[in-house]
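The values are calculated or read from the model by the stated rules, or taken from the named source; none is laboratory data. Given the structure is predicted, the values throughout are model-derived calculations rather than measurements. Methodologically, a virtual Cβ is constructed for each residue, glycine included, from the backbone with ideal geometry; neighbour enumeration extends over all protein chains shown. Side chains included, ligands, DNA and RNA excluded: accessible areas come from the protein's heavy atoms. Shrake-Rupley method; radii C 1.70, N 1.55, O 1.52, S 1.80 Å.
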Amino acid sequence: DAADARIKEARGQGLPSATLSGTIGYGRLDPQGYFGLPAANVTPRTAQLAADGAKFTLGSSKTILVEVSMAGWPAFTEQVLFDLQVAGFSPILAHPERYPSVVRDPGLAIGLAERGIALQATTSAFTGLFGREVQRTAEELLLAGAINVLGSDAHGLGRRVEALVPGIERVEELIGAD
């Protein structure tokens with residue numbers, strides 16, 4: 001199927017891979033980039049660009065990974081996510097537990113989840129790799145039922161990849177393996 005073909009292609013190109021058990025989605029492990037919108041591309045015009053055919057989605061799906069600035073929570077963030085939903089896309093907010101605004105007020109991310117925005121936590125955040133406050137925030141979001149997806153956010157091999165298994169084990173301690 002299509003996922004197996006992407007895996008075979010990635011292996012043929014010598015891209016890094018990981019094997020996990022459980023239910024996972026397929027994206028691409030690509031050192032040159034990833035599907036989605038990096039923080040610099042999230043502007044008030046984002047939804048219009050996506051609707052006009054700009055390629056931000058995962059494959060041919062309507063799923064878009066959205067990242068906002070670590071320096072601050074742009075005032076238009078909620079509006080961009082809403083506009084993407086109205087345009088028929090399924091936005092996933094990348095690593096909300098690491099945004100300083102969400103660390104200060106986890107209710108910000110919980111509110112987005114309640115409005116149907118999927119949240120993807122970085123697995124290594126549950127190990128304390130990004131500090132105790134980020135770990136506390138990740139755990140609070142998880143226990144509130146706001147986290148839909150776990151991701152590595154590993155743009156290369158290193159500490160984030162090494163923390164995958166311990167991060168998954170911590171998530172299982174908090175909410176169980178199912």
Q) Could we say that G167 is in contact (Cβ under 8 Å) with a residue 40 or more places away in the chain and more than 16 Å from E67 (Cβ to Cβ) here? A) yes
Q) For segment 162-178, which residues satisfy the criterion of being in a helix (DSSP H, G or I) and aliphatic (A, V, I, L, M)? A) L164, V165, I168, V171, L174, I175
Q: Hey, can you tell me all the residues within segment 87-106 that are out of contact with any strand residue (DSSP E or B) (no Cβ under 7 Å at 6 or more places or on another chain), in a loop (DSSP other than H, G, I, E, B) and at pLDDT below 95?
A: A87, G88, Y99
Q) Just checking, how many residues over segment 118-134 are out of contact with any strand residue (DSSP E or B) (no Cβ under 6 Å at 6 or more places or on another chain), buried (at least 16 other Cβ atoms within 10 Å of the Cβ) and part of a helix (DSSP H, G or I)? A) 5
Q: Collect the residues in segment 86-131 that are more than 11 Å from the chain's Cα centre (by Cα) and at positive phi, keeping them in residue-number order.
A: G88, G116, G128, G131
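Within the bounds of segment 91-109, is there any residue that is open to solvent by 60 Å² or more (accessible area, probe 1.4 Å), touching a residue at least 24 places away in the same chain (Cβ under 8 Å) and either in contact with a Phe, Trp or Tyr (Cβ under 8 Å, 6 or more places away or on another chain) or of a type in the set (S, T, N, Q) (or both)? Before you say what the answer is, go through the steps one by one.
Initial filter on segment 91-109 (open to solvent by 60 Å² or more (accessible area, probe 1.4 Å)): 104-105.
Filter again for touching a residue at least 24 places away in the same chain (Cβ under 8 Å), leaving none.
Looking for residues that are open to solvent by 60 Å² or more (accessible area, probe 1.4 Å), touching a residue at least 24 places away in the same chain (Cβ under 8 Å) and either in contact with a Phe, Trp or Tyr (Cβ under 8 Å, 6 or more places away or on another chain) or of a type in the set (S, T, N, Q) (or both), one finds none in segment 91-109, hence no.
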Q) Within segment 135-161, can you find the residues that are surrounded by 15 or more Cβ atoms within 10 Å (Cβ to Cβ), in a helix (DSSP H, G or I), of a type outside the set (D, E, K, R) and at pLDDT 90 or above? A) Q135, T137, A138, L141, L142
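Table: residues versus (1) within 15 Å of T137 (Cβ to Cβ); (2) part of a helix (DSSP H, G or I); (3) out of contact with any helix residue (DSSP H, G or I) (no Cβ under 6 Å at 6 or more places or on another chain); (4) modelled with pLDDT under 90.
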residue: A71; (1), (2), (3), (4): no, no, yes, yes
residue: V80; (1), (2), (3), (4): no, yes, no, yes
residue: Q85; (1), (2), (3), (4): no, yes, yes, no
residue: L108; (1), (2), (3), (4): yes, yes, no, no
residue: G116; (1), (2), (3), (4): no, no, yes, no
